[in-house]
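Trainee: The structure under discussion is supplied below as structure tokens; questions concerning it will follow.
The values are calculated or read from the model by the stated rules, or taken from the named source; none is laboratory data. Being a predicted model, the structure only gives us computed values, none of them experimental. Reconstructed Cβ throughout: ideal geometry from the backbone, glycine too, with neighbour counts over all protein chains shown. Ligands, DNA and RNA are excluded from the accessible area calculation, which covers all protein heavy atoms including side chains. Shrake-Rupley method; radii C 1.70, N 1.55, O 1.52, S 1.80 Å.
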Amino acid sequence: MIYPDLDETLFTVVCHISAAMNGVSGIIFCSAPPAVSSAWFPPEERVTATAIGALLNGLGNGVSFLIARFMVPSSNTSDLPLLRREIVNYLVFLAIPPIIFFLCVLIYFPSGPKTPPSASATEERVPLRSSLMTFISSYSAMALVLVVAVSQSVPGAWSAMMVTNLSKLQIDGQVLALEKIHQVHFAL
């Protein structure tokens, strides 16, 4: 949409690479709730804190799809400037809350509570830079990251396009759901 003269093959390659990079960052986001809960909460509260963090991560993704329906109502691809404007406005709208939250965390959020919530929270942690360099230099770790990135991010990114792809084949999602309900009903 942003570069309409981009070759379709190059666009597809860029989309797959972007989805894989998104999957790599997803590893960090999935591990953030347990890391925060272990630093800030006592052991009896960690499961709840981790669950809330993981739930809000998924909820944020879902809300972004709901907002897209309202902010990008144009499905008419003949008016590309309007569609492009709507998509840019949508992306800016999605970028503002994380930027504000990130700035608030940078300005205020301390690295841990004044009093540790448990004995494990007092343990010395490995510095981020040295652990990151060890992680990056490990062939096994990079292979694991690649497996997770490809197996989780590429299907996840393209599943958002499933309705569009199926509608081009004249397949309606509601019809498929009704057929599935009938199959389950008759199987019982």
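Trainee: Largest first and in whole Å, what are the equivalent-ellipsoid semi-axes of the stretch 41-156 based on the Cα gyration tensor, each being the root of 5 times an eigenvalue?
Mentor: Computed over the stretch 41-156, the values are 37, 22, 15 Å.
Trainee: Something else about it: Points 7 angstrom from Cα along the Cβ direction at F70 and R84: gap in nanometres?
Mentor: 2.7 nm
Trainee: Given a Förster distance of 25 Å, report the FRET efficiency between S38 and L144 from their Cβ-Cβ distance, rounded to the nearest 0.05.
Mentor: The calculated FRET efficiency here is 0.70.
Trainee: Could you rank C30, C15 by how accessible they are, 1.4 Å probe, largest area first?
Mentor: Output order, biggest surface exposure first: C30, C15.
Trainee: Can you compute the FRET efficiency between V24 and V63 using 1/(1 + (r/R0)^6), with r the Cβ-Cβ distance and R0 = 22 Å? Round to the nearest 0.05.
Mentor: FRET efficiency, V24 to V63: 0.45.
Trainee: Please give the FRET efficiency for K114 paired with L10, using the beta carbon to beta carbon distance and R0 = 41 Å, rounded to the nearest 0.05.
Mentor: 0.20
Trainee: While we're here: Averaged per residue, what accessible area in Å² does the stretch 65-149 show with a 1.4 Å probe, protein chains only?
Mentor: Roughly 84 Å² per residue, with all protein chains present.
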